[in-house]
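For reference, the structure is listed below as structure tokens.
The values are calculated or read from the model by the stated rules, or taken from the named source; none is laboratory data. Note that this is a predicted model, so its numbers are computed, not measured. Please note: Cβ atoms are built from the backbone with ideal geometry, for glycine as well, and neighbour counts cover all protein chains shown. To get the accessible areas, we keep the full protein, side chains included, count just its heavy atoms, and leave off ligands, DNA and RNA. Shrake-Rupley method; radii C 1.70, N 1.55, O 1.52, S 1.80 Å.
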Amino acid sequence: MKIKTGPAGWWRRMFAFLYELLLLIAVVLLAEGLFQGVFQLITKLPVTAMSDDLIVRALNFVWIMGIAFTYFSWCWRGGQTLAMRTWRICLVKADGKPLGWREVALRFAVVAVCMLPCAPFWILARHHADLRIVAWLLTALFFLPFLWALFDRERRFLHDRLAGTQLLIAPPRSDV
């Protein structure tokens, strides 16, 4: 049997992305539970009081983004997240070497800029019809990295192109 190597296909990367979303939701929920628990222990206020304070909400956002960055940087520097391992994808620099902090930070920043604003604006647009056009534009921004891959000469996502990384098909694990 011949082992396929080379760039990971678009569909394989999309299925890995969807699986990654499920894993990220679990990580974020655990981090949020920890934040809310600490908030209640320190302030003795109900969790609903968090939404009243802009500073607490900002700290919560920084905490969640820090946890997400820690998760991805730990996994990406090792070459694979759990979803990538499941779909036999590995992440490397364009020259095939492991990622450094520069590539990790740049890749994370591009993904965050493209994907983060979409959900909050759709929630706001449900109550404010004038924000619907913004929500649609942000939805286009959300899909931009994936659509970029359809036209990129090496089929890389936008965040991979900008960070100088690539997703390759990983060889099958021999311990299975």
Practice item. Determine if the stretch 40-59 includes at least one residue that is within 19 Å of residue 109 (Cα to Cα) and either surrounded by 12 or more Cβ atoms within 10 Å (Cβ to Cβ) or touching a helix residue (DSSP H, G or I) at 6+ places or on another chain (Cβ under 8 Å) (or both). Key: yes
**Study point:** Scope the stretch 1-39; condition open to solvent by 50 Å² or more (accessible area, probe 1.4 Å), at pLDDT 85 or above and of a type outside the set (A, V, I, L, M, F, W, C); matching residues
**Key:** 7, 12, 19, 36
Practice item. Check 79, 66 and return the single one that is open to solvent by less than 40 Å² (accessible area, probe 1.4 Å) and either among the basic types (Lys, Arg) or in contact with a strand residue (DSSP E or B) (Cβ under 8 Å, 6 or more places away or on another chain) (or both). Key: 79
Point to revise | Residues (in contact with a Leu (Cβ under 7 Å, 6 or more places away or on another chain) and under 20 Å from residue 14 (Cα atoms)) located in the stretch 118-156 | key: 118, 144, 145, 148
Review point. Do any residues in the stretch 125-143 that are more than 12 Å from residue 114 (Cα to Cα) have Cβ atoms under 7 Å from those of residues that are open to solvent by 100 Å² or more (accessible area, probe 1.4 Å), where the two are at least six apart or on different chains, and which pairs are they?
Key: 125/132
Exercise for review: Check the stretch 6-19 and report whether any residue there is over 25 Å from the mean Cα position of the chain (by Cα), under 24 Å from residue 156 (Cβ atoms) and touching a residue at least 24 places away in the same chain (Cβ under 8 Å).
Suggested key: no
Check your understanding: Would the stretch 117-140 turn up any residue that is aliphatic (A, V, I, L, M) and within 18 Å of residue 167 (Cβ to Cβ)?
Key -> no
**Study point:** Matching residues, the stretch 102-130, being outside any helix (DSSP H, G or I) and open to solvent by 80 Å² or more (accessible area, probe 1.4 Å)
**Key:** 128
**Study point:** Subset of the stretch 144-165 [open to solvent by 40 Å² or more (accessible area, probe 1.4 Å) and touching a residue at least 24 places away in the same chain (Cβ under 8 Å)]
**Key:** 144, 150, 154, 155, 162
Practice item. Return yes when residue 121 is free of Cβ contacts under 8 Å to residues at least 24 places away in the same chain, out of contact with any strand residue (DSSP E or B) (no Cβ under 8 Å at 6 or more places or on another chain) and more than 26 Å from residue 61 (Cβ to Cβ) and no when it is not. Key: no
